[in-house]
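Engineer: Dropping the structure in here first, questions after.
The values are calculated or read from the model by the stated rules, or taken from the named source; none is laboratory data. Predicted, not measured: the structure shown is a model, and the values here were computed from it. So basically every Cβ, Gly included, is an ideal-geometry build from the backbone, and we count neighbours across all protein chains shown. Ligands, DNA and RNA are stripped out before the accessible areas are found, and what is left, the full protein with its side chains, is counted by its heavy atoms. Shrake-Rupley method; radii C 1.70, N 1.55, O 1.52, S 1.80 Å.
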Amino acid sequence: MQPVLEIHPSDGFALWPVAEIESFSYLPLSGELAPAEVGTAVMRIAGCNDIDPEHDDRPPRPADPLGSFLHGLLTFDNLFAAGGMRVTDSSTGTTFLPGCCNGLEDWRDWRKVVDGSGRASFGHDPDPFAERLADTVRLTVDAEQNDSPVIVLSVTELRHLLDGAEHDLTNFLALAADWVSSYLPNHCTPVIAALARVLALPAAAVQPKP
């Protein structure tokens, strides 16, 4: 299980260095990313929120390119990051991917599967679905298909995988905090706080290195 961010084209982006990553693929988030990969992740997260709603009561969008691009990330109450959890069954090769409109910020819904309601959907097209059945959890790759591939895990195993995925997110946030302090020093505190919110992690525990 890996927390992943869906990557869109970065053609023409020049506000900070980014990596060349295949468009519409998934970037796994962890503390092992290179600086340019962190730059790509921050670009994508900010880009997901770089919109102007029809009814917009936020402060005016800044005129400078950097301030304009970060405007949504720094002013929206509810942030979104396209992606989620990718689960791969190494024995069969079956991969469970987040569907369209699923957000990485909702990764804690997986906790509800093992500890709460016992079921959750993760987007559409495909329609991935997870359901707890007694002491196991069944992951359906696409609930709209009668013959959809599935992955079956024990509750204990899934809980262990979730702990590892949360560890990856925490390490990515620490790495991103250091990246922000180097590449976005004038926006350091609010950007780190926004990244923590979109990852559903506490910002107070993360401080950039001096």
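Engineer: Just to confirm, what accessible area per residue do you get for segment 92-210 at 1.4 Å probe, in whole Å²?
Structural biologist: Per residue, segment 92-210 has an accessible area of 50 Å².
Engineer: With charges set only on the Cβ (+1 for Lys and Arg, -1 for Asp and Glu), what does the dipole of segment 1-111 come to about its Cα centre, in debye to the nearest 20?
Structural biologist: 260 debye
Engineer: Moving on to the next point. How many nm separate the modelled label positions at Asp57 and His124, each set 7 Å beyond the Cα in the direction of the Cβ?
Structural biologist: Roughly 2.9 nm, to one decimal.
Engineer: Once you place label points 7 Å from the Cα toward the Cβ at Glu144 and His167, how far apart are they in nm?
Structural biologist: The answer from the label model is 3.7 nm.
Engineer: Compute the helix-to-body angle for 188-198: its Cα long axis versus the longest principal axis of the chain, expressed 0 to 90° and rounded to tens.
Structural biologist: 20 degrees
Engineer: Over segment 82-210, what is the relative contact order in whole percent, taking alpha-carbon pairs under 8 Å and six or more residues apart?
Structural biologist: The value is 17 percent.
Engineer: Moving on. Take the chain, drop everything but the C-alpha atoms, weight them equally and run the Debye formula without solvent; then report log10 I(q)/I(0) at 0.14 Å⁻¹ to two decimals.
Structural biologist: For the chain, the Cα-only Debye profile gives -0.85.
Engineer: By how many degrees, 0 to 90 and rounded to 10, does the Cα axis of helix 35-48 deviate from the longest principal axis of the chain?
Structural biologist: Here the helix axis deviates by roughly 90 degrees.
Engineer: For a quick check of understanding: with a 1.4 angstrom probe and all protein chains in place, what accessible area in square angstrom does Met43 have, to the nearest ten?
Structural biologist: Near enough 20 Å² of accessible area.
Engineer: Under a Cβ-Cβ cut-off of 12 Å, what is the net charge of the residues other than Pro126 that fall near it, where Lys and Arg count +1 and Asp and Glu count -1?
Structural biologist: -4
Engineer: If you roll a 1.4 angstrom probe over the protein chains with everything in place, what fraction of the accessible area of segment 55-210 belongs to carbon and sulfur, to the nearest %?
Structural biologist: So the carbon and sulfur contribution to the accessible surface is 52 percent.
Engineer: Within a Cβ distance under 14 Å of Glu32, other residues only, what is the Lys/Arg minus Asp/Glu net charge? Could you put the intermediate results ahead of the total?
Structural biologist: Numbers: positive: none; negative: Glu37, Asp168, Asp178.
Net charge in that neighbourhood comes out at -3.
Engineer: Which of the chymotrypsin sites (Phe, Trp or Tyr not before Pro) found in segment 1-106 are loop residues per DSSP with 13 or fewer other Cβ atoms within 10 Å of their Cβ?
Structural biologist: Within segment 1-106, the qualifying chymotrypsin sites (Phe, Trp or Tyr not before Pro) (loop, at most 13 other Cβ atoms within 10 Å) are Phe24.
Engineer: At 1.4 Å probe size, with every protein chain present, just tell me what the per residue accessible area of segment 1-79 comes to in Å². Don't skip to the answer; put the middle values down first.
Structural biologist: Numbers: 4170 Å² over 79 residues.
Here the residues of segment 1-79 average 53 Å² of exposed surface.
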